[in-house]
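The values are calculated or read from the model by the stated rules, or taken from the named source; none is laboratory data. Not measured: the values here are computed from a predicted model. Neighbour counts run over all protein chains shown; Cβ positions are idealised from the backbone, glycine included.
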Amino acid sequence: MRSGRIFCAAAALFLAAPAALAQTSQVAEVANLQGPDRQQRLVEGAKREKELTFYSSIPPADISALVGAFDKKYGIKVKVWRADSEGFLQRILNEARARRFEVDVAAGSSSALEPLYRESLLQEVKSPYLSDLIEQAIAPHRQWVAVYLSLFVQAYNTNLIGKDSLPKSYAELTRPQWQGKLGIEAEDFDWFAQVVTELGEERGLRLFREIVDTNGISVRKGHSLLNNLVAAGEVPLALTGYGFLAEQSKRKGAPLDWFVIPPAIARVTAEGLARNAPHPHAAVLFYDFLISDAQPILAERKFMPATRKIEPIYKEPIKLIDSAAMLDQARKWQDLFQRTIIGPSR
């Protein structure tokens with residue numbers, strides 16, 4: 001996910017095109033359904049609509065597991081268009097400018113959902129399953145909600161690094177033993193912003209400059225690639241791995257394990273209902289599914305679900321990246337990330 005471009009592009013976009021009022025009204029009516037017959041009305045309406053369109057950046061194999069389970073339960077076809085979060089954000093914005101409304105539900109980084117809210121392209125859903133979610137999972141404006149959390153972990157190659165030598169703080173990464181062993185994903189400026197803020201901005205920036213000056217950091221593009229390079233031994237210790245990728249690799253027998261240097265930081269993968277969804281009943285039914293029946297499926301696949309009903313794989317307190325604040329402060333933190341880590345490391 002190219003989060004930096006998402007934040008910068010989104011911050012400059014302001015749609016002026018009016019909504020398709022009749023469709024918006026119908027979507028709002030369905031999204032606000034409540035009462036004992038809500039589920040029955042959604043299912044009946046979804047059967048009439050027969051399908052829905054889902055834009056998402058969730059990994060392909062995991063999307064297949066989710067939409068397959070939904071289709072099996074309801075017999076409703078989910079048409080998937082997958083891209084990184086920047087990609088589906090731009091597609092939805094472009095479609096809205098052209099007054100062409102194809103997407104029903106979008107799911108990806110909250111850095112893409114927050115701009116869609118600001119452009120008035122999302123609709124709040126009065127879902128009964130919201131009460132099952134952790135408090136931080138629901139945006140203050142309630143127009144997107146978390147599906148799962150992508151916990152940033154420090155992933156390491158177990159053939160190259162012993163468990164007893166793992167650093168307990170970022171300050172320990174200035175030690176000579178880490179020279180040439182560190183890696184980072186090229187777009188994780190929002191992780192950097194959150195860590196530096198938690199450490200204290202002046203102290204945090206000074207510390208990361210010292211790490212780069214002393215030991216260097218290898219910059220790689222893509223969390224999957226970074227994870228694979230750790231497993232292969234090319235990057236002994238990744239600073240910004242995704243927990244679910246590391247755990248999946250570990251369970252498959254790769255020489256890879258993970259730990260967390262405090263503060264623990266997570267990026268939210270969220271979903272939103274399109275304000276002009278062409279299949280409103282099917283869309284709301286799928287929206288509900290992603291924060292209810294899909295949660296144990298995600299847990300089985302080593303994600304951190306947003307529900308309170310499943311014990312998380314990481315039980316310590318986690319600080320979620322504030323996508324609204326990052327959208328407003330993107331230019332500052334991109335520049336600092338570039339000058340502190342990316343530029344000097346290339």
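Overview of results
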{"item": "Test for ALA98: is it assigned by TED's automatic domain parsing to the domain that holds PRO59, modelled with pLDDT under 95 and hydrophobic (A, V, I, L, M, F, W, C)", "result": "yes"}
{"item": "Single condition ILE318 does not satisfy, out of (1) under 17 Å from the mean Cα position of the chain (by Cα); (2) touching a residue at least 60 places away in the same chain (Cβ under 8 Å); (3) over 23 Å from PHE189 (Cβ atoms)", "result": "(3)"}
{"item": "Enumeration of residues in segment 129-174 that are free of Cβ contacts under 8 Å to residues at least 24 places away in the same chain and of a type in the set (Val, Ile, Thr)", "result": "ILE138"}
{"item": "ILE63 being within 23 Å of SER111 (Cα to Cα) and either assigned to a loop (DSSP other than H, G, I, E, B) or touching a His at 6+ places or on another chain (Cβ under 6 Å) (or both)", "result": "no"}
{"item": "Pairs with Cβ under 8 Å, 6+ apart, first in segment 33-49 and closer than 19 Å to PRO278 by Cα and in contact (Cβ under 8 Å) with a residue 60 or more places away in the chain, second assigned to a loop (DSSP other than H, G, I, E, B) and of a type in the set (A, V, I, L, M)", "result": "ARG41/LEU33; LEU42/LEU33; ALA46/ILE76; GLU49/ILE76"}
{"item": "Residue list for segment 311-340, restricted to those being among the hydrophobic types (A, V, I, L, M, F, W, C) and modelled with pLDDT under 90", "result": "ILE313"}
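Matching residues to (1) at pLDDT below 95; (2) more than 17 Å from HIS281 (Cβ to Cβ); (3) not in a strand (DSSP E or B); (4) not polar (S, T, N, Q):
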site: ALA19; (1), (2), (3), (4): yes, yes, yes, yes
site: GLN23; (1), (2), (3), (4): yes, no, yes, no
site: GLN26; (1), (2), (3), (4): yes, no, yes, no
site: GLU29; (1), (2), (3), (4): no, no, yes, yes
site: GLN34; (1), (2), (3), (4): no, no, yes, no
site: GLN40; (1), (2), (3), (4): no, no, yes, no
site: GLY45; (1), (2), (3), (4): no, no, yes, yes
site: ALA69; (1), (2), (3), (4): no, yes, yes, yes
site: TRP81; (1), (2), (3), (4): no, yes, no, yes
